[in-house]
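Down below is the structure, laid out as structure tokens.
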Amino acid sequence: MTAETTPDRTGADDTGADPRTDSPGDAPVLRARGLRKVHGRGDASVTALAGVDLDIAPGSFTAIMGPSGSGKSTLLHLLAGLDSVTSGTVHLGDTALTSLGDTALTLLRRERMGFVFQSFNLLPMYTARQNILLPLELAGRDANEEWLVQLVDVLGLGDRLTHRPAELSGGQQQRVAIARALVTRPDVVLADEPTGNLDLRTGSEVLALLRTSVRELGRTVVMVTHDPGAAAHADRVVLIADGLVRGDIDHPTPSSVLAGLDALRPENEVA
Ligand code: ADP
Ligand code: MG
């Protein structure tokens, strides 16, 4: 195995916002090689991923799309170290996730990854502010007030910080969840159908915020979605079918994404 350059981890020191200066030529934040996942055993086994290679560039916004059952969630879970691989490797920077034990993996996820789910997953008894600060609390790190103010400002949460989730709309709850995902200034934010429970307009706002977190806050976002309109907010769309990467669209538009998805349909396959 060759030596690799260590990407800068300026996010670890809590000295304020660190909009990254990385250029697209930099080493990937996330790198998957030969990723395979077989769920279950024997006759009941399902090959969810059949050998995926994927590089995620720092400061990019990537959408993963594909038909239902194509392996999108499985891929996101493996990239996040939330599920074990059958074979293959995942690196976050120079760290091989796929070689880490449970404790190291938990710490790495806590320190260097952020998560946004379809179902917000906020703690009901905590205020918005407490929910946002939870990852720092778990990591035993102090809140950087400057960064918190910037996050809350960019995400438009200023007057909502003392509210509990039940007192917030779905869109506001998802904004709190995004702030929570960003508060540790993670190397990468992974989102599975983040707009799945939101109406069209609120969903667009949330996507614009993910976009903003990449452009203005220097983050890297990987999002699974089945919505071509949502995917068009990304810099890049990776198309998955039958557990394989089957397409890669730069600067996607809703129509180029639809055309890409159409080309995945069996009747359009080249023999
Ligand atoms: P997507 O998110 O694209 O809809 P998934 O990654 O959830 O696809 O699933 C890919 C395939 O793996 C599907 O056939 C699904 O039924 C199967 N699968 C996913 N998770 C499990 C599991 N925990 N046990 C068994 N099969 C699973
Ligand atoms: Mg899924």
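The values are calculated or read from the model by the stated rules, or taken from the named source; none is laboratory data. The shown structure was predicted, so the numbers you read here are calculated from the model rather than taken from an experiment. With ideal geometry, Cβ positions are generated from the backbone for all residues, glycine too; neighbour counts draw on all protein chains shown. Accessible surface areas use protein heavy atoms only, side chains included; no ligands, DNA or RNA. Shrake-Rupley method; radii C 1.70, N 1.55, O 1.52, S 1.80 Å.
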* Asked: Against the longest alpha carbon principal axis of the chain, how many degrees, from 0 to 90 and to the nearest 10, is the axis of helix 200-215 turned?
  -> 80
* Asked: At a probe size of 1.4 Å, how large is the accessible area of residue 113, to the nearest 10 Å²?
  -> 10
* Label-to-label distance, nm, for residues given as residue 68 and residue 94 (7 Å Cα→Cβ offset) -> 4.5
* To do: Put one equal scatterer on each alpha carbon of the chain, apply the Debye formula with no solvent term, and list log10 I(q)/I(0) at q = 0.07, 0.11, 0.12 1/Å to two decimals.
  => -0.24, -0.61, -0.73
* Asked: Taking springs between alpha-carbon atoms closer than 10 angstrom, which of 135, 254, 194 fluctuates most in the Gaussian network model of the chain?
  -> 254
* Summarise the accessible area of the chain (1.4 Å probe, protein heavy atoms) by the percent that is carbon and sulfur. => 52
* Asked: How long is the gain from residue 36 to residue 162 if the chain were fully straight, where each residue apart is worth 0.36 nm and the alpha carbon distance is subtracted?
  -> 41.0 nm
* Subtracting the Cα-Cα distance from 0.36 nm times the residue separation, let me have the gained length for residue 83 to residue 125 in nm, one decimal. => 12.3 nm
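Please list 205, 145 in order of solvent-accessible area, largest first, computed with a 1.4 Å probe with all protein chains present.
Most to least solvent-accessible, the answer reads 145, 205.
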* Report, in deg cm²/dmol and to the nearest 500, the calculated mean residue ellipticity at 222 nm for the chain, where each DSSP H run with n ≥ 4 adds -39500 (n - 2.57) and the sum is divided by the residue count. => -9000 deg cm²/dmol
* Which residue, 213, 204, 45, has the most motion in a Gaussian network model of the chain that connects Cα atoms within less than 10 Å? -> 45
* Asked: Using the alpha-carbon centroid of each, what span in Å lies between the stretch 73-99 and the stretch 142-165?
  -> 31
* Could you rank 262, 227, 153 by how accessible they are, 1.4 Å probe, largest area first? => 153, 262, 227
* Asked: Going 7 Å from the Cα of residue 118 toward and past its Cβ, which residues in the stretch 62-90 have a backbone nitrogen under 19 Å from where you end up?
  -> 63-80, 82-83
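Expressed as a whole percent, how much of the Cα-Cα distance distribution for the stretch 114-231 exceeds 22 Å? Don't jump to the answer; show the numbers that get you there.
Working: 1700 of 6903 pairs.
Everything past 22 Å amounts to 25 percent.
Report the full-extension gain for the segment residue 262 to residue 215: residue separation times 0.36 nm, less the Cα-Cα distance, to one decimal in nm. Before the final figure, lay out each step's value.
Details: separation 47, 0.36 × 47 = 16.92 nm, distance 2.98 nm.
Stretched fully, the residue 262-residue 215 segment lengthens by 13.9 nm.
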* **Proportion of all alpha-carbon pairs of the stretch 164-271 beyond 16 Å (%)** => 61
